[in-house]
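Student: One structure, pasted below without further comment.
The values are calculated or read from the model by the stated rules, or taken from the named source; none is laboratory data. Computed from a prediction, not measured in an experiment: that's the story for all the values here. When we count neighbours, we look across all protein chains shown, and the Cβ atoms used for this are built from the backbone with ideal geometry, even at glycine. For accessibility, only protein heavy atoms count, side chains too; no ligands or nucleic acids. Shrake-Rupley method; radii C 1.70, N 1.55, O 1.52, S 1.80 Å.
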Amino acid sequence: AIERTFSIIKPDATRRNLTGAVNAVIEKAGLRIVAQKRIAMTRAEAEAFYGVHRERPFFGDLVAFMTSGPVVVQVLEGENAVAAYREVMGATNPANAAEGTLRKLFAESIEANSVHGSDSAENAKIEIAQFFSGNEIVG
Ligand code: CMP
């Protein structure tokens, strides 16, 4: 079924001017960018977004990283978009990411891993709602 997922192009990628290169891979994979904006994520937004990781040892560093530069938040639409985008991204740790995936192509480390994508359709809805109002998404 056609579904939507939430994506973030992270500060390591925007810093290296890779927004267009990331988007080219997304679009080539058949996913449609139906909403997109470049923002400076606030500390509160990053803490809320990554709330499930609050107790993890990397949480503080992760929040610092996500607020260290611009990010591009996106809504992607397509057939099985959640799973399809996870395949396009590759493994969280670029050392384990398959050839041709965004993290293999662009990620610097497990933290500075260039992109985020929702892990379920349910979380996609929650994440999209954190950053976009309905009229900003044009399918
Ligand atoms: P993301 O898919 O955005 O979800 C959580 C993020 O935490 C992950 O990508 C990485 O950027 C970051 N992270 C940093 N260290 C780790 C780790 N050891 N395991 C998983 N994620 C990590």
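Student: Can you report the number of residues in the stretch 90-108 which are more than 15 Å from V25 (Cβ to Cβ), more than 8 Å from the ligand (Cβ to nearest atom) and assigned to a loop (DSSP other than H, G, I, E, B)?
Tutor: Step one: list which residues in the stretch 90-108 are more than 15 Å from V25 (Cβ to Cβ), which gives 91-93, 95-96, 108.
The next check asks that each one be more than 8 Å from the ligand (Cβ to nearest atom); those that pass are 91, 95-96, 108.
With the extra rule that they be assigned to a loop (DSSP other than H, G, I, E, B), the set shrinks to 91, 108.
Residues that pass the stated criteria total 2.
Student: Taking the residues in the stretch 11-59 that are out of contact with any Leu (no Cβ under 8 Å at 6 or more places or on another chain) and of a type in the set (S, T, Y) as candidates, determine which candidate is least open to solvent (accessible area, probe 1.4 Å).
Tutor: The selected residue is T14.
Student: Filter the stretch 49-58 for residues that are more than 8 Å from the ligand (Cβ to nearest atom) and touching a helix residue (DSSP H, G or I) at 6+ places or on another chain (Cβ under 7 Å) and give the result.
Tutor: F49, the sole residue that qualifies.
Student: Consider L76 carefully, then state whether it is open to solvent by 50 Å² or more (accessible area, probe 1.4 Å) and either among the aliphatic types (A, V, I, L, M) or within 12 Å of the chain's Cα centre (by Cα) (or both). Walk me through how you get there before you give the answer.
Tutor: Working: open to solvent by 50 Å² or more (accessible area, probe 1.4 Å): no; either among the aliphatic types (A, V, I, L, M) or within 12 Å of the chain's Cα centre (by Cα) (or both): yes.
So L76 fails the test.
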